[in-house]
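Engineer: Just dropping this structure here.
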There are 4 protein chains.
Amino acid sequence: MREWARFLLTYKFALDEVNTKLNILNEEFQFIHDYNPIEHVKTRIKAPESIAAKLKRKNLELSMASAGLHIRDIAGVRIICSFSTDIYRIHEMICRQDDVKVIEVKDYIKNPKPNGYQSLHLIVEIPIFLTSGVERVMVEIQIRTSAMDFWASLEHKIYYKFNASVPETIGRELKETAAIIASLDERMLKLNEEAKSCRV
Amino acid sequence: MREWARFLLTYKFALDEVNTKLNILNEEFQFIHDYNPIEHVKTRIKAPESIAAKLKRKNLELSMASAGLHIRDIAGVRIICSFSTDIYRIHEMICRQDDVKVIEVKDYIKNPKPNGYQSLHLIVEIPIFLTSGVERVMVEIQIRTSAMDFWASLEHKIYYKFNASVPETIGRELKETAAIIASLDERMLKLNEEAKSCRV
Amino acid sequence: MREWARFLLTYKFALDEVNTKLNILNEEFQFIHDYNPIEHVKTRIKAPESIAAKLKRKNLELSMASAGLHIRDIAGVRIICSFSTDIYRIHEMICRQDDVKVIEVKDYIKNPKPNGYQSLHLIVEIPIFLTSGVERVMVEIQIRTSAMDFWASLEHKIYYKFNASVPETIGRELKETAAIIASLDERMLKLNEEAKSCRV
Amino acid sequence: MREWARFLLTYKFALDEVNTKLNILNEEFQFIHDYNPIEHVKTRIKAPESIAAKLKRKNLELSMASAGLHIRDIAGVRIICSFSTDIYRIHEMICRQDDVKVIEVKDYIKNPKPNGYQSLHLIVEIPIFLTSGVERVMVEIQIRTSAMDFWASLEHKIYYKFNASVPETIGRELKETAAIIASLDERMLKLNEEAKSCRV
């Protein structure tokens, strides 16, 4: 128990560190451009039971070493922004940090999941300075617009309620709303750009 | 200068107090129903220049007494939630607090503004306990879904850029997106209720 | 389990509320007098096991009703200040808040405990606004200087290590250091007043 | 004005970063040893006027470049701990962080200032990741016990009131209280060690 608590503590520290980094980027961006690319940030640590379940599902050894190696979303950060252009702007700013190593990028905006899910996912590795020295910790970062986030929360709730076998009518409806959200986000973005380019 | 700083400090305290109250309501609701009606909360104090401009626009005396009496949104709280049903749930919870006096309710969801704006606005008065005794302070509370909030932020930016005279095409486009947002919010709500009522 | 969690949640809310109140008082005092009477604030909720142990020790029924009635320090706030005069100043400011009911005052500064312990203890009752209505919750507030706090932390650690039977030499040493602290606090206070009254 | 605001923003970010690092060290230490070496942390940014005054006093050019190079305490962190042994423990933990460069150490505990002042001062340089890339920023870290901190705050207030020419009687009294504090800190430390080494 205590060993796992310590193991998870390192991930909690990684989230603290990522949070500080994101706040700095956002405040600096706000100062220079008078605009916040980041609307807000949420963090979560995967519960020990969920880690165990995921290891089991993947037929992997149930140990901390195995979890640290194979479960890449033990520490999760969700960044919500207004426009889809902000998503890529934040992605770029993260990549430019030379102490952060980007391990994987999955672009579910260019290629949405079959159910309609949209987000940009990064797996990054960041250094955490502990009393005994440095440790490198993996963090999953999900970047999405607030409309995508709203959809994803609802989908997640429904998925868990039906234990992955979502009724067909509900699945279809989810996919349709995902399409509306994508087109709404695009329209709002165009409107924003149009207004920006207008002479006053 | 110093007198105004002190005047505004009272409004800052009112926001601290409202924030604490909302956190308590949200945490308790989360504990009982395993669901957050409040997604997140933002607060702002009106800048002295904006207070002065508003007094001037309304042909009112430029004094603290006049500001305290006539400018009801010096302290502003914005509550963002997922579903429009949450908006009325939060409204109700605020009304039930017997130290909060609800002075005014404007329902721009049932009756959107001509430009398409949707939100529920409350003016409340709450007691603040200062070193010298209690003072009652007015706070404007805006409650809206995250889709409404996204729209309102964009509209606000455009309105200020064009100094209130928004080009007709952009105005039309804003109104259309407001309608899409309203219908999207309704669809998401129905989907949520449908999923909830399904037997598993 | 769940019932106790909810019971304790109310005390957590009481601490949030007291914290907000103290911050307001401190910020306002700082603004007016350019001086912080409150150095910092710590809060803690009594662990369920400690509540149970205290009920048992007092031969009381082991129930939430009994705990809520008889255990007055379930929610604890510690206010640390620089000078002993600040202690009474804070006490007064708390008493003046007309929604706070002061139930008990124990002045262990005027009358230190036999072991040397010094602090001002208040039991107050404050209203908490829940989703279902208002509830009045008891909170213990301890106010002390940072020197008194340092001593009390050490004494507490020693007391628990020796399970209440502190070796005589250590007990004597503790009492002597308490006396040094009291005289140091008084000297620092005099020095402060002397410097304040000096013409420059 | 704007250029200076941006310049100081970098120092604000450095404080955010140091704060995160210290919280991580303290939480980890607490987890392993069930003891907090850090009681609390305060941060401050030097006001532009104070930076200008210091540059003038040192006959240095009044520019950001000059301030960045010569004023090493623009960003200041104060770490308060219980025992003087904690001071060196924290110092060591900071030194072990391989992204932090310790530029200077001044031990005013082993060698107090003539007026009685005691603290451990470090000048460190830490990397801050901005939108445009990494920047290395200097931060002054002062580590002291809470008794030393109490004394230092009073001395600072008196020093400024008398514009550096503290009346002799007050200066003497300050020096005497500094000596009492040093001996009190030592006695408390011994008492702590004695209690720790006792068999129960």
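The values are calculated or read from the model by the stated rules, or taken from the named source; none is laboratory data. Every value quoted in this text rests on a predicted model; they were computed, and no experiment measured them. Backbone-built Cβ (ideal geometry, glycine too); neighbour counts: all protein chains shown.
Engineer: Consider the stretch C:1-45. How many of its residues are basic (Lys, Arg) and closer than 22 Å to residue B:30 by Cα?
Structural biologist: Here the count works out to 4.
Engineer: While we're here: Give the number of residues within the stretch B:94-104 that are at pLDDT below 95 and buried (at least 18 other Cβ atoms within 10 Å of the Cβ).
Structural biologist: Number of matching residues: 1.
Engineer: Scan the stretch C:138-168 for residues that are at the interface with chain D (Cβ under 10 Å from one of its Cβ atoms) and among the acidic types (Asp, Glu) and report the count.
Structural biologist: 2
Engineer: Give the stretch B:30-63 a look and list any residue that's free of Cβ contacts under 8 Å to residues at least 60 places away in the same chain and either buried (at least 16 other Cβ atoms within 10 Å of the Cβ) or under 17 Å from residue B:126 (Cβ atoms) (or both), or say none.
Structural biologist: If the condition is that a residue be free of Cβ contacts under 8 Å to residues at least 60 places away in the same chain and either buried (at least 16 other Cβ atoms within 10 Å of the Cβ) or under 17 Å from residue B:126 (Cβ atoms) (or both), then B:37, B:38, B:40, B:41, B:43, B:44, B:45, B:46, B:51, B:54, B:55 are the ones that fit.
Engineer: Here's a follow-up. Could you list, in sequence order, the residues of the stretch A:97-130 that are in contact (Cβ under 8 Å) with a residue 60 or more places away in the chain, in a loop (DSSP other than H, G, I, E, B) and in contact with a strand residue (DSSP E or B) (Cβ under 9 Å, 6 or more places away or on another chain)?
Structural biologist: Of everything in the stretch A:97-130, those that are in contact (Cβ under 8 Å) with a residue 60 or more places away in the chain, in a loop (DSSP other than H, G, I, E, B) and in contact with a strand residue (DSSP E or B) (Cβ under 9 Å, 6 or more places away or on another chain) turn out to be A:97, A:100, A:118.
Engineer: Within the group A:176, A:155, A:186, which residue is under 30 Å from residue A:16 (Cα atoms) and among the acidic types (Asp, Glu)?
Structural biologist: So the residue among A:176, A:155, A:186 that is under 30 Å from residue A:16 (Cα atoms) and among the acidic types (Asp, Glu) is A:155.
Engineer: Out of B:94, B:32, B:24, B:90, report the one residue that is assigned to a helix (DSSP H, G or I) and in contact with a Cys (Cβ under 8 Å, 6 or more places away or on another chain).
Structural biologist: B:90
Engineer: Of all residues being surrounded by 15 or more Cβ atoms within 10 Å (Cβ to Cβ) and touching a Gly at 6+ places or on another chain (Cβ under 9 Å) in the stretch D:176-193, which is nearest to residue C:188 (Cα to Cα)? Just the residue, please.
Structural biologist: D:177
Engineer: Oh, and also: Quick one: which residue in C:140, C:168, C:135 is surrounded by fewer than 15 Cβ atoms within 10 Å (Cβ to Cβ) and either under 27 Å from residue C:102 (Cα atoms) or touching a residue at least 24 places away in the same chain (Cβ under 8 Å) (or both)?
Structural biologist: Answer to the selection: C:135.
Engineer: Go through (1) buried (at least 21 other Cβ atoms within 10 Å of the Cβ); (2) without any contact (Cβ under 8 Å) to a residue 12 or more places away in the chain for residue B:199 and report which single condition fails.
Structural biologist: (1)
Engineer: Step by step: first the residues of the stretch A:1-32, then only those that are of a type in the set (Lys, Arg) and facing chain D (nearest Cβ under 7 Å), then the one that is nearest to residue A:50 (Cα to Cα). Which residue is that?
Structural biologist: Ranking the qualifying residues of the stretch A:1-32, first place goes to A:6.
Engineer: I've got another one for you. When you check residue A:74 against the structure, is it touching a helix residue (DSSP H, G or I) at 6+ places or on another chain (Cβ under 7 Å), within 25 Å of residue D:27 (Cα to Cα) and modelled with pLDDT of 95 or more, yes or no?
Structural biologist: For residue A:74, the condition - touching a helix residue (DSSP H, G or I) at 6+ places or on another chain (Cβ under 7 Å), within 25 Å of residue D:27 (Cα to Cα) and modelled with pLDDT of 95 or more - is met.
Engineer: I'd like to verify a number: residues in the stretch A:77-89 that are surrounded by fewer than 21 Cβ atoms within 10 Å (Cβ to Cβ) and out of contact with any Leu (no Cβ under 8 Å at 6 or more places or on another chain), how many?
Structural biologist: 2
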